[in-house]
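Step one of this worksheet: look at the structure below.
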Amino acid sequence: MNQMSIQEMSSLLFSRIPAKKEKPVRRDQEPPHRHWNETERAALVILWGLLVYPKLDPDLREEHPSDAVYIDQLVHMFQDVLGNKNQCHKILAKLQAHDYIRFRDETRVIPGTGLFAAVDAAKMYKYFRSSVLSRKIFQLIYSNDYHPEKN
């Protein structure tokens, strides 16, 4: 798979813009991820692509109805971005604290409300639908090459 840099990946995160008001939006009213580092924003792009995009894409929704991603699989595929298992768990804990994700159990994560509410699905969908990278990710995830329960 072509490796994208953390900067490239984090730049793909499209946030919803709060409704325009007369006053500028205060920092505490913005989605928290706008002030996170590139690795944490890249994690949001990855998790949005793995957890939300398949629900929106008609082909993936029918082929792979699962709503969870194995943490070991996430680490295996994105270690260059998310780090080892311990580093990945720290990022996931931060995402959980802001309800971007939820832990289904100790081994899997599912989307939280923040992943739906704070990320601009229309823009992200458009990117993922046309992305060769996303197709490669899903080929890896749904292939028989990697099963976390065997590792």
Problem - Filter pass, Leu13 being part of a helix (DSSP H, G or I), touching a strand residue (DSSP E or B) at 6+ places or on another chain (Cβ under 9 Å) and either buried (at least 20 other Cβ atoms within 10 Å of the Cβ) or at pLDDT 90 or above (or both) - result: no
Handout entry: Residue check, Leu60 over 12 Å from the mean Cα position of the chain (by Cα), surrounded by fewer than 16 Cβ atoms within 10 Å (Cβ to Cβ) and under 20 Å from Ile137 (Cβ atoms)
Key = no
Exercise for the section: Go through the residues of the stretch 56-71 one by one and say whether even a single one is modelled with pLDDT of 85 or more, within 16 Å of Ala121 (Cβ to Cβ) and of a type outside the set (Ser, Thr, Tyr). Expected result: yes
Handout entry: Number of positions in the stretch 30-57 that are crowded, with 22+ Cβ neighbours inside 10 Å and outside any helix (DSSP H, G or I)
Key = 0
Exercise for the section: Could you list all residues from the stretch 81-113 that are under 19 Å from Tyr53 (Cβ atoms), touching a strand residue (DSSP E or B) at 6+ places or on another chain (Cβ under 8 Å) and part of a helix (DSSP H, G or I)? Expected result: Leu92, Leu95
Exercise for the section: Take Lys123 and decide whether it is modelled with pLDDT under 70, open to solvent by 30 Å² or more (accessible area, probe 1.4 Å) and either more than 15 Å from the chain's Cα centre (by Cα) or among the basic types (Lys, Arg) (or both). Expected result: no
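The values are calculated or read from the model by the stated rules, or taken from the named source; none is laboratory data. Note that the structure is predicted; figures quoted are calculated from it, not measured. When we count neighbours, we look across all protein chains shown, and the Cβ atoms used for this are built from the backbone with ideal geometry, even at glycine. Surface areas here come from the heavy atoms of the whole protein model, side chains and all, with no ligands, DNA or RNA. Shrake-Rupley method; radii C 1.70, N 1.55, O 1.52, S 1.80 Å.
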